[in-house]
Amino acid sequence: MINWKKDSTILDIGCADGSMTSKLFKELIPNCKTMTGCDINEDMIRFANEHYASERVNFTTLNIEGEMPVQLREHFHHATSFYALNWCRRQETTFQNIYDIIKDQGSCFAIVVEKFSLFDAYRNLAKTEKWKQWVIDVERYTSPYHDSHDSLKEMQQLLDKIGFAIKKLEHKVIVHDYEKQENIKGGIMAVVPFKIPDELYDDFFMDLSQEMQMFDTKKYNFKKSTNDYFLNVQLLVLYAEKK
């Protein structure tokens, strides 16, 4: 889908600890010139530079929703992002910034979390006496498309407004089988942003997973969910070029 030319420079947005950025570069696009991973979390970037930086892979702190440094304007051939742009509340600012930092004829490939029972579970637990003191500011961690009745149309209109030429935009559902409770517990709790006390960790996971099970089966009509060690995530997958 993307023409990975040998002289391409790539920005990976929301790189976290850098492991996925490094893997992406080594396994999928090893012939590209350079790859830069960026994240708003300075600690993550420090870890990424210590463990995954190389001559052609580097990492930098950047808030893709913020004001872009002048030197980044039209600096990259491609931008990629995997499961990160849904953290951005200001979607138009985010995609405008992406448009501005890629070169003419450049492209953006992104996977954005759309709907996820985890977000519904956050909202429910935030209302309970048991968990409300820890499960706070849940909308900050909920995808801006979670409540949308037509997220594809919303995204299409947004990209069109900014000036992108949409080459691919579709809805996908991924189902991950963790096989046993220990694995799914690790997978879910790794992305939970709340500071749950250690002594309540296991109890919180059980309540959270039961809420997810309820929403997956009753709201989204999935046959299997957390009780079967399955995670179901609805996504928007997009590929757009700068005209």
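The values are calculated or read from the model by the stated rules, or taken from the named source; none is laboratory data. Computed from a predicted model, the values in this text were never measured in an experiment. Cβ placement follows ideal geometry from the backbone for every residue including glycine, while neighbour counts extend to all protein chains displayed. Only protein heavy atoms, including side chains, enter the accessible area calculation; ligands, DNA and RNA are left aside. Shrake-Rupley method; radii C 1.70, N 1.55, O 1.52, S 1.80 Å.
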With only helices counted (DSSP H, runs n ≥ 4, each -39500 (n - 2.57)), the per-residue ellipticity at 222 nm for the chain, to the nearest 500, works out to -10000 deg cm²/dmol
Per principal axis, descending, Cα span of segment 45-98 in whole Å | 33, 23, 18
Using the per-residue mean of other Cβ atoms lying within 10 Å as a proxy for protection, in what order, highest first, do the peptides 58-68, 148-158 fall?
-> 58-68, 148-158
For segment 174-199 versus segment 3-80, the gap between their alpha-carbon centres in whole angstrom | 27 Å
Calculated diffusion of the chain, Stokes-Einstein form, Kirkwood radius summed over Cα pairs, 37 °C and 0.692 mPa s, µm²/s | 171 µm²/s
What list of ³J(HN,Hα) values in whole Hz, one per residue of segment 128-134 in order, does the Karplus curve 6.51 cos²θ - 1.76 cosθ + 1.60 (θ = phi - 60°) give from phi, with Gly and Pro shown as x?
-> 8, 4, 5, 10, 5, 6, 10
Would you please give the residues with an amide H less than 5 Å from that of Gly37, counting only those at least 5 places away or on a separate chain, with H modeled from the backbone geometry?
-> Asp12, Asn58, Phe59, Thr60
At a 1.4 Å probe radius, which order do Trp4, Trp134, Trp87 fall into by accessible area, largest first?
-> Trp87, Trp4, Trp134
Residues of segment 1-49: accessible area per residue with a 1.4 Å probe, Å² | 54 Å²
With all protein chains present, calculate the accessible area of Arg89 using a 1.4 Å probe and round the result to the nearest 10 Å².
-> 110 Å²
What does the convex hull of the Cα atoms come to per residue for segment 96-223, in Å³?
-> 146 Å³
Which value, in Å², gives the accessible area per residue of segment 171-243 when a 1.4 Å probe is used on the protein heavy atoms?
-> 56 Å²
Thr34 - accessible surface, heavy atoms, 1.4 Å probe, Å² rounded to 10 | 40 Å²
Using the scaling law 2.2 N^0.38 Å as the reference, what is the normalised Cα Rg of segment 1-91?
-> 1.02
Count the DSSP beta bridges whose two residues both fall in the chain, then state the antiparallel fraction as a percent rounded to the nearest 5.
-> 50 percent
